[in-house]
Structures are given as structure tokens and as C-alpha cells.
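Okay, structure first, notes after.
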Amino acid sequence: MKLSVNGKKLYKDGKLSSLPLFINDGIVVSEMSSAENIIDFSDKYYIFPGFVDVHVHLREPGFSYKETIKSGTLASAHGGYTAVCSMPNLDPVPDSRENLGKQLGIIEKDACIHVYPYGSITVGQKGERLSDMEATAQNVIAFSDDGKGVQSDAMMREAMLKAKSLGKMIVAHCEVNELLKGGYIHDGEYAKKHGHKGICSESEWKQIARDLKLVEETGCAYHVCHISTKESVEIIRQAKKRGVNVTCETGPHYLILCDEDLQEEGRFKMNPPLRSREDRDALIEGIKDGTIDMIATDHAPHSAEEKGKGLADSLMGVVGIETAFPLLYTHLVLKGVITLEKLIELMAVNPRKRFGIGGGTADGESADFTVVDLDAEYTINSNDFYSMGKATPFEGYKVKGKIIHTYIKGERII
């Protein structure tokens, strides 16, 4: 199919030719001229490069009662995402060619957008010995033991050296186990006031500091998952100034909420936890000055039962891939914190560059894009989610910026 905007070719055979950021009262019309191939865009509709989330949990194989690749990628498309990177917290863990192959087979059969799996750093994500990284390298986006920090310095150094030799990146969940002490929310005022066990900020930033020293030693490309503390921001900021090969992400919930917003419900429980107002402000400064390179949702669906046990006993993790853009547009762009262009950079441009993912709006790239009505206002209702997971801390929030369509290789997904 060939499309044009006011006579200007948009894409042909799934490849982009020219894609404007904004269509002013334009009509995209198929050269085939059949009615089903006509898309009418009003002057409030924008076309953006498809969003890329480098941190999602699709739960399959192994935990399909929480989410499947089919449901998770459909939810992603409804959030405007055209590519996601799926974490290795699976059964079996993708630590060998055989185990990874089970996931790849489901992706090929059921995914409606691009899915790039991670390989695990260690066998079974147990932190004891390296996975068969050489055997899986060709089919994974990077290596991660997400959900668990690699505790051994020697093991992480070995992993970095192996990843570097394979031309792959280490993507790290940074957490020092001995500092957790049974905590499950931030060790702040809310925890003290309500008698909850807290997780100290040092449990995150201390391992980031360790890993960055190892990155300087090994020269490995390194990316930090879901940073949440002001110390993490500053440590990474200083490392970048020294020329260390590091990037990082944070999540929408860390930029909008803090521990003052906690409620006694499992939908407010995630790892790392919501931190203090000061931490949130530092994260915002980090996205503004470029210390934080991208925003990833850490979309982590669980069953209603697993999330219905309050802060103390619910499992860690919230969903977010269907709400990320409208929340960030409403709370950051419309409030003048960052520009719309900066948000697209954080959600689409930077993750593509760092992870080597194609698509976007450059000539000759795959026609992966999303169409958004920036003025459409609605209330977040988890019953409307395509994801099997419904636990969001943003239930009932009013937002602007509705995803209208998502296209993959020029084909409309939603």
C-alpha cells in the first residue's frame, strides 16, 4: 500500500519516504483509492515515530496467567509502542539457545509489534555462573538479570567482558540484597508513619556506583534500569562527564508520583519503590539535562489476586504501557516541565539510538508510527486495558493525549 499526504508520498512497501511531525488539517489517502485505506486526520492529530519501551515484562513463557505475548503486544500498540524489549524473568529463563528458542517461537506466532528479547546474564538468573551468552547473542537485544542485581563483583566483571566481546550491552537492575532487610516501600516518612518496612536508597545507588567502576575497567556498554533516587542521578551524571559508556532510564511513575502519594493498595507497590519528593525532583532534572536518556515503563502485570494483598503482601510491579504517553504528556508537557519534542526524544528517539532498533521517521526506515489526538481527554480506567494486568497507581487520573492508531511497517495494528 502507498500513502500520501496532500500528494506527498508517506511510505511505500512498508518503508518511510517522508513523514511530517504534524499534519495540519490533512488527509492521508491511499493511492489505491479504496475506502478502507483512507485515513482522515484532523488538525489535532499528530504523527510520531512509534514509541520504544526497553523494559517490559511479557510473562511468556512460564507465567501466561499474568500476561501473554499476544495481550502484552496488543496493549503496547494501544499505548503507541511499535517496539518493546522483553525482560528475561521467565520460565524457562532465556539462558541458553534452547530456552530462548521457546520465547522466540511465541513471539513469531503471536506478537503484533516488534519484540526484542533479553538474554539473561546468569544461568537461571541465580547470579552464580554466566549464561550461554555466546549462543544467545545473535537473537537478543542485550543481557540482563532484571529483577535481581548481580551481587558478585567478579561475576559482573566477567559478564561485562563477555558482553563486550559479543558487541552486546549489559542492562542492569541495580540492587544490593544485603541492604533490603525485608523492605517493600521506600524507607521514608510514609513507611515510618504507617509501620511499613522500608527499602533504603543506598540499595540502588551503591550497586550503580560499583558497576560504573567496572564499566570504566572493562569498556562495556552499560544501561541502568529504572533509576529512582537522587544519588543515582548524580552518580550517572558524573560518570557521563568522565566519558563512561552509560545510559539509563526511569519510569513514568517515578516522575509523577512520590511516596507521599502512596495508598494502602498493591497497585502502589513496585521495585524500586516510589521515593521521596526530592528524589522525584532530581529525576525530573535528570531528564531535562540529559542525564536520564529515556523513559521505560517496566510494565509488570500480575493477577488481581497477586496485587490485591495491600502494600506489605502484594507482589512488586505495576502496569503502564497503555498509559505512559498520556500521563507524561499531561503532567510534564502540558505543565511546561519539558517540551513535546523532548518527550518524543525520551520515548522514541533515544531508545532507538542506544539499542540499535530501527523504525521511526527517517527516510528509508520501517514505517512504524503512531497517530495521537493531543486534545482528547479521558479518564484512566483499568477495565479498558488490553493488558491482562490491571494494577495501576493512576486509576481515575484525567489525562490528555489519546493514541488513535499504531502502524507497523505501514500496516495498521489498531
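The values are calculated or read from the model by the stated rules, or taken from the named source; none is laboratory data. Predicted model only: the values in this text are computed from it and were never measured. Cβ sites come from the backbone with ideal geometry, for glycine too, and all protein chains shown count toward neighbours.
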- request: Output the residue which, of all residues in the range 280-306 that are more than 30 Å from Val246 (Cβ to Cβ) and surrounded by fewer than 24 Cβ atoms within 10 Å (Cβ to Cβ), is farthest from the chain's Cα centre (by Cα).
  value: Glu305
message: Gly101 - would you say it is of a type outside the set (A, V, I, L, M) and more than 20 Å from Gly356 (Cα to Cα)?
response: yes
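Identify all residues within the range 159-197 that are in a helix (DSSP H, G or I) and among the small types (Gly, Ala, Ser); write none if there are none.
So the first thing to find is which residues in the range 159-197 are in a helix (DSSP H, G or I), and the list is 159-166, 177-179, 189-194.
Those that are in a helix (DSSP H, G or I) and among the small types (Gly, Ala, Ser): Ala159, Ala163, Ser165, Ala191.
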field: Counted residues, the range 103-128 - those being part of a helix (DSSP H, G or I), in contact (Cβ under 8 Å) with a residue 24 or more places away in the chain and either acidic (Asp, Glu) or more than 26 Å from Asp368 (Cα to Cα) (or both)
entry: 4
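How many of the residues making up the range 212-228 are touching a residue at least 40 places away in the same chain (Cβ under 8 Å) and farther than 22 Å from Asp53 by Cβ? Don't jump to the end; show me each part of the working.
Going residue by residue through the range 212-228, those that are touching a residue at least 40 places away in the same chain (Cβ under 8 Å) are 214-215, 217-228.
With farther than 22 Å from Asp53 by Cβ added as a condition, the list becomes 214-215, 217-220.
Count: 6.
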message: I'd like the full set of residues that are over 24 Å from Lys353 (Cβ atoms) and out of contact with any Lys or Arg (no Cβ under 6 Å at 6 or more places or on another chain), limited to the range 279-295.
response: Arg280, Asp281
- request: Check the range 151-158 and report whether any residue there is acidic (Asp, Glu) and either under 26 Å from Ile321 (Cα atoms) or part of a loop (DSSP other than H, G, I, E, B) (or both).
  value: no
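Tell me the residue from Leu262, Leu274 that is surrounded by fewer than 24 Cβ atoms within 10 Å (Cβ to Cβ) and touching a residue at least 60 places away in the same chain (Cβ under 8 Å), please. Let's see the steps before the verdict.
Numbers: Leu274 fails: surrounded by fewer than 24 Cβ atoms within 10 Å (Cβ to Cβ).
Answer to the check: Leu262.
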statement: The lone condition Gln151 fails out of (1) under 22 Å from Ile208 (Cα atoms); (2) surrounded by fewer than 18 Cβ atoms within 10 Å (Cβ to Cβ); (3) in contact (Cβ under 8 Å) with a residue 40 or more places away in the chain is (3)
task: Count, please, the residues in the range 138-163 that happen to be over 25 Å from the mean Cα position of the chain (by Cα) and of a type in the set (Val, Ile, Thr).
output: 0
- request: Scan (1) in contact with a strand residue (DSSP E or B) (Cβ under 7 Å, 6 or more places away or on another chain); (2) part of a loop (DSSP other than H, G, I, E, B) for the single condition Thr247 breaks and write down its number.
  value: (2)
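Can Ala348 be described as buried (at least 22 other Cβ atoms within 10 Å of the Cβ), among the hydrophobic types (A, V, I, L, M, F, W, C), assigned by TED's automatic domain parsing to the domain that holds Arg267 and part of a helix (DSSP H, G or I)?
Working: buried (at least 22 other Cβ atoms within 10 Å of the Cβ): yes; among the hydrophobic types (A, V, I, L, M, F, W, C): yes; assigned by TED's automatic domain parsing to the domain that holds Arg267: yes; part of a helix (DSSP H, G or I): yes.
Here the answer is yes, as Ala348 does meet what is asked.
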